[in-house]
Amino acid sequence: TMQLNTTFLLNYPGQGPGYALAAEPRPGDASTFAFIEHYPAVSTVFTRMISNTTLRPLSFDERISTLAFVDADTLFGNNTWDSSLDLHEIGVVPTGLQLVRSDPNIFNGQPRMTSAGGLLYGDGGFSIDPVTRNIVRTYNPAMGGASKAFRADPARDRGYMAFEDSGSVAQLMVFRLSDATLLATVPLPANLASPISLASMGANGVAITTTAGKTVIVQGPDL
């Protein structure tokens, strides 16, 4: 219906005003999701699970800012703030969330982490095996500048990077996901400013949001 369904208020006692950093639905369960809540006044971060409208009591309280499910019982969180222990495997249990394992210096400050096809992807353009914690493949535009977002679409064997080159020109780069071959580079109009996120829409192309508050849809045979 594209209409607001349920609103959850973040107002944990004694913490002051809070806001959500990220939320991810549990695979196969449309009524359950994990979310990160941040309370700046006291520098606290909690990651919680909600089922329907019921908050599960056991939370994961390390500082993370992005998360991704690899399956219904395994959630990964990434610390982009203040610790070399930046990748946390978090188990989903009936009462909430509990730490399984932490690993250092894997995502190294990447702003977002996504999961696709059994792998974790960082916005810098690389994939990681969540079992071995090894880098599987890198997607390098080799143009200097800064990558803003990377999204994988295993069904299309494509990886999409919203990228700003060293001349501050925003571009979409399309890679073959299976071997990291660069297939296409699409410059974006200057009035769109810097890309901040993107999403694959399958055969309908790629949607990119920018710092100008705009969304551009890119289509083409290589996408």
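The values are calculated or read from the model by the stated rules, or taken from the named source; none is laboratory data. The structure displayed is predicted, hence computed values, not measured ones. Cβ sites come from the backbone with ideal geometry, for glycine too, and all protein chains shown count toward neighbours. These accessible areas exclude ligands, DNA and RNA; they are computed on the full protein's heavy atoms, side chains included. Shrake-Rupley method; radii C 1.70, N 1.55, O 1.52, S 1.80 Å.
Data table
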{"quantity": "Rg(Cα)/(2.2 N^0.38 Å) for region 72-114, N = residue count", "calculated": "1.18"}
{"quantity": "Ratio Rg/Rh, restricted to region 36-84 and using Cα atoms, in which Rh is the Kirkwood radius", "calculated": "0.98"}
{"quantity": "Theoretical gain in end-to-end length, LEU21 to ASP73 [0.36 nm per residue, Cα-Cα removed]", "calculated": "16.6 nm"}
{"quantity": "Inter-probe distance in nm under a simple model that places probes 7 Å from Cα toward Cβ, at VAL169 and THR53", "calculated": "5.3 nm"}
{"quantity": "Packing-based ranking, highest mean first, of 152-159, 165-172 given that Cβ atoms within 10 Å are counted", "calculated": "152-159, 165-172"}
{"quantity": "Rough spin-label spacing in nm, given labels placed 7 Å along Cα→Cβ, for ALA207 and VAL42", "calculated": "3.7 nm"}
{"quantity": "Charge dipole magnitude, Cβ of K and R +1, D and E -1 - the chain, Cα centre, debye nearest 20", "calculated": "320 debye"}
{"quantity": "Length released on extending from THR6 to ALA199, taking residue separation times 0.36 nm less the Cα-Cα span", "calculated": "67.1 nm"}
{"quantity": "Solvent-accessible area per residue, Å², over region 9-65 with all protein chains present [probe radius 1.4 Å]", "calculated": "53 Å²"}
{"quantity": "Largest-first ellipsoid semi-axes for region 22-124, taking √(5λ) over the Cα gyration tensor eigenvalues, angstrom", "calculated": "20, 17, 12"}
{"quantity": "Charge context of THR210, other residues only, Cβ under 13 angstrom, K/R +1, D/E -1", "calculated": "+1"}
{"quantity": "The chain: Cα Rg divided by the 2.2 N^0.38 Å rule of thumb", "calculated": "1.06"}
{"quantity": "Nearest-20 debye value, region 140-223 charge dipole, Cβ charges on Lys, Arg, Asp, Glu", "calculated": "180 debye"}
{"quantity": "Region 29-148: relative contact order as a whole-number percent, Cα under 8 Å and 6+ apart", "calculated": "15 percent"}
{"quantity": "Accessible area, probe 1.4 Å, largest first, for residues GLU62, GLU89, GLU37", "calculated": "GLU62, GLU89, GLU37"}
{"quantity": "Percentage relative contact order, the chain, counting C-alpha pairs under 8 Å, at least six apart", "calculated": "9 percent"}
{"quantity": "Apportionment of accessible area to carbon and sulfur, the chain, percent (1.4 Å)", "calculated": "52 percent"}
